[in-house]
Amino acid sequence: MAGRLPEGAAIIGQSGGPTAVINQSLVGVIEGLKGFPSVKKIFGMRHGVDGLIKGLPLVDLGGISSGDLDKLAKTPSAYLGSSRNKPTEADGPKIFDACKTHDIRYFFYIGGNDSSDTCRIVSELCQKTGYEMRCFHVPKTVDNDLMMNDHTPGFGSAARFVAMAFMADDRDNASLPGIKINVVMGRNAGFLTAASSLARQRPSDGPHLIYLPEVPFDTDKFIEDVKGVVGKYGRCQIAVSEGIKDKEGTDIGAKLIAGGQTDAHGNAQLSGSGALGDMLSNLIKEKFKSPSGKPPRVRADTLGYLQRCWPDCSPVDATEARAVGNFAAKEAMSGYPDGSIAIQRLSNHPYKVEKRLVKLSDVAAKTRHMPPEFIAPNGHDVTDRFVEYCKPLVGELPVFFKPE
């Protein structure tokens with residue numbers, strides 16, 4: 001796309017929950033911008049647009065050596081600091097003042113659906129005021145819930161952690177048989193919880209039950225499901241999304257967290273509490289008695305923030321995270337005014353994807369859910385189609401010795 005490129009600085013921000021590969025995308029943008037004469041400086045925002053609004057000092061990213069960039073790319077969590085704040089109309093002048101002060105003409109924001117909405121807001125504010133600035137959203141979210149994307153950077157590494165955690169926990173559950181509940185991240189989309197299915201190496205392996213936000217959670221059915229598995233295997237390992245909802249669509253976990261907070265985008269707190277796991281454990285103890293009349297052995301863990309930034313990342317995830325950052329920079333240097341970068345799959349065998357520039361409005365503040373063909377008809381498992389979809393994203397998993 002030909003056209004005049006404005007001369008000035010570029011700025012990069014990181015937003016939302018950090019991941020194991022978000023710095024790969026940061027480095028990808030930096031590397032993609034280097035060598036273009038229209039980009040005079042490359043800055044980083046401290047804590048996203050929140051830092052711009054508060055006037056926090058910018059980070060000079062242009063002088064980082066290639067060797068240090070490689071180290072930065074492999075470092076988990078958000079190097080620049082993150083934010084969940086959503087800019088309002090009143091914040092516009094402060095953002096523009098910061099951009100004008102540093103002559104910023106290229107704006108890159110790395111994050112999920114709320115972050116893409118922030119990028120859209122900044123782009124539209126620029127258009128209203130006539131300030132020329134190119135705005136690009138770089139995808140990131142462990143929830144894997146961005147529209148227009150086959151999958152998102154951050155998901156593959158988090159899914160790898162979940163799969164391996166369930167593999168190890170299943171061996172623990174087999175050695176001391178009982179009922180084990182693991183609560184996995186996922187507010188509205190069940191992709192990360194579904195990734196626990198990759199832990200299975202044979203039919204008797206856990207997780208034996210998987211509960212997703214897309215399927216209304218029924219406590220009576222849950223108890224019957226658990227009884228059926230225990231009757232078959234003498235134990236039960238369960239994967240539960242933190243975002244499971246009742247038949248009215250209300251987050252069960254949010255109702256249980258006393259004093260839970262809500263962020264600027266209206267998202268109720270779900271992580272940071274073991275309330276959901278405790279509730280389900282108590283429910284099983286109350287409703288399910290062993291032949292001796294005693295409640296069964298039940299334990300619950302909430303995997304929590306450990307899922308996001310575990311340093312054993314997926315190789316595919318790391319490569320793609322860097323590539324989408326680089327692609328965003330190239331699209332900006334091609335003359336496009338704004339957009340969001342999307343990963344779209346071309347084939348499974350061999351695994352092949354391509355990157356595309358899509359409209360911010362097609363991604364901003366929208367949520368992608370697990371498609372019906374990924375969810376088993378019984379409502380407490382996933383299909384082989386999901387497993388085939390997910391396997392290339394997590395990398396090679398260990399194989400355990402299991403006697404017959």
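The values are calculated or read from the model by the stated rules, or taken from the named source; none is laboratory data. This one's a predicted model, so the numbers in the text were calculated from it and none came from an experiment. Backbone-built Cβ (ideal geometry, glycine too); neighbour counts: all protein chains shown.
Residue count for the range 218-253 satisfying the condition of being within 19 Å of VAL382 (Cβ to Cβ), touching a strand residue (DSSP E or B) at 6+ places or on another chain (Cβ under 9 Å) and part of a loop (DSSP other than H, G, I, E, B): 3. Before we move on, is LEU52 part of a loop (DSSP other than H, G, I, E, B) and either closer than 25 Å to GLU331 by Cβ or among the aliphatic types (A, V, I, L, M) (or both)? Answer is no for this residue. Return the residues of the range 31-49 that are free of Cβ contacts under 8 Å to residues at least 40 places away in the same chain and either part of a strand (DSSP E or B) or out of contact with any Gly (no Cβ under 6 Å at 6 or more places or on another chain) (or both); say none if nothing qualifies. Those that are free of Cβ contacts under 8 Å to residues at least 40 places away in the same chain and either part of a strand (DSSP E or B) or out of contact with any Gly (no Cβ under 6 Å at 6 or more places or on another chain) (or both): LYS34, GLY35, PRO37, ILE42, GLY44. Is it the case, given these coordinates, that ASP91 is among the acidic types (Asp, Glu), over 22 Å from the mean Cα position of the chain (by Cα) and closer than 19 Å to SER157 by Cβ? No, not satisfied.
Need the failing condition index for GLY335 against (1) over 30 Å from LYS221 (Cβ atoms); (2) surrounded by fewer than 21 Cβ atoms within 10 Å (Cβ to Cβ); (3) in contact with a helix residue (DSSP H, G or I) (Cβ under 6 Å, 6 or more places away or on another chain), just the number. The single condition GLY335 does not satisfy is (3).
Is at least one residue of the range 309-319 assigned to a loop (DSSP other than H, G, I, E, B), surrounded by 15 or more Cβ atoms within 10 Å (Cβ to Cβ), under 21 Å from the mean Cα position of the chain (by Cα) and among the small types (Gly, Ala, Ser)? The answer is yes, given that some residue of the range 309-319 is assigned to a loop (DSSP other than H, G, I, E, B), surrounded by 15 or more Cβ atoms within 10 Å (Cβ to Cβ), under 21 Å from the mean Cα position of the chain (by Cα) and among the small types (Gly, Ala, Ser).
Within the range 72-79, is even one residue modelled with pLDDT of 95 or more, out of contact with any strand residue (DSSP E or B) (no Cβ under 7 Å at 6 or more places or on another chain) and assigned to a helix (DSSP H, G or I)? Yes, the conditions are met somewhere in the range 72-79.
Taking first residues from the range 110-133 that are in contact (Cβ under 8 Å) with a residue 12 or more places away in the chain and in a strand (DSSP E or B) and partners that are surrounded by 23 or more Cβ atoms within 10 Å (Cβ to Cβ) and of a type in the set (D, E, K, R), the Cβ contacts under 7 Å between residues at least 6 apart in sequence or on separate chains come to ILE110/LYS140; GLY111/LYS140. Scanning the range 349-404 for residues that are part of a loop (DSSP other than H, G, I, E, B), loosely packed, with under 14 Cβ neighbours inside 10 Å and in contact with a strand residue (DSSP E or B) (Cβ under 8 Å, 6 or more places away or on another chain) gives a single hit, LYS359.
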